[in-house]
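K.L.:
Sending over a structure as structure tokens; questions will come in a sec.
Bear in mind that the values in this text are calculations on the coordinates, not laboratory data. Because the structure is predicted, anything quoted here is derived from the model rather than measured. Cβ coordinates were reconstructed from backbone atoms using ideal geometry, including for glycine residues, and neighbour counts include every protein chain displayed.
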Amino acid sequence: MQSRAHALLGAVASAALVPVLWPAAGPATAAAVWGYGVALSVLVDLDHFLVTRLLVGDWRHLRRVLARPTAALWDQEWIFDDVELAAPRLRSHAVLGGGLVAATWSLAPALGTFTALVLSVHVLADLLRDSGVL
């Protein structure tokens, strides 16, 4: 799934979750948590570069993006077109996401819950895309 789609899903999920988990939050806190959710929805995919490094043995995919950063923002299909990422990507999300949920939970249970739910939306979207639904 493209980063733009993940950002949109993260924005919607975060907008729905912030008032539920922080009903008394002021506008600045709500905006900061919402921004965290949107960023998390997109940046969790940076693990793809580590996964492909482990799979192919070099950093060619990261070099592709660094050579064409603006192209990577608008069209991302070409970045990983030569490697099968579905299963390793989801495993990586589970491992990194679990660690991030534990870390944020230790800071504040509501933040851990928020992190878990936003990452769940991300992974569900990936699963639906991989199965051809999206």
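K.L.:
Using each residue's phi in the stretch 66-76, evaluate 6.51 cos²θ - 1.76 cosθ + 1.60 at θ = phi - 60° and report the 3J(HN,Hα) Karplus result to the nearest Hz, with x for Gly and Pro.
P.N.:
5, 6, 9, x, 5, 5, 5, 6, 9, 9, 9
K.L.:
Give me the distance in nm between label points sitting 7 Å out from Cα along the Cα-to-Cβ direction at Leu66 and Leu124, one decimal.
P.N.:
For Leu66 paired with Leu124, the spin-label model returns 3.7 nm.
K.L.:
Please compute the length gained on full extension between Val95 and Ser131, using 0.36 nm multiplied by the number of residues separating them and subtracting their Cα-Cα distance.
P.N.:
10.8 nm
K.L.:
At 7 Å along Cα-to-Cβ for each site, give me the label-to-label distance between Leu50 and Leu21 in nm.
P.N.:
2.1 nm
K.L.:
Once both axes come from the Cα atoms, what is the angle between helix 109-130 and the longest principal axis of the chain, in degrees from 0 to 90, rounded to 10?
P.N.:
Its long axis makes an angle of about 40 degrees.
K.L.:
Compute a Gaussian network model of the chain, connecting alpha carbons closer than 10 Å, and tell me which residue from Ala87, Ala13, Ala39 fluctuates the most.
P.N.:
For the chain, modelled as a Gaussian network with Cα springs under 10 Å, the answer is Ala87.
K.L.:
Shifting gears a bit: Under the Karplus relation 6.51 cos²θ - 1.76 cosθ + 1.60, θ = phi - 60°, what is the ordered set of whole-Hz ³J(HN,Hα) values for the stretch 55-63, x standing for Gly and Pro?
P.N.:
So the J values, rounded to whole Hz, are 6, 9, x, 8, 9, 4, 5, 5, 4.
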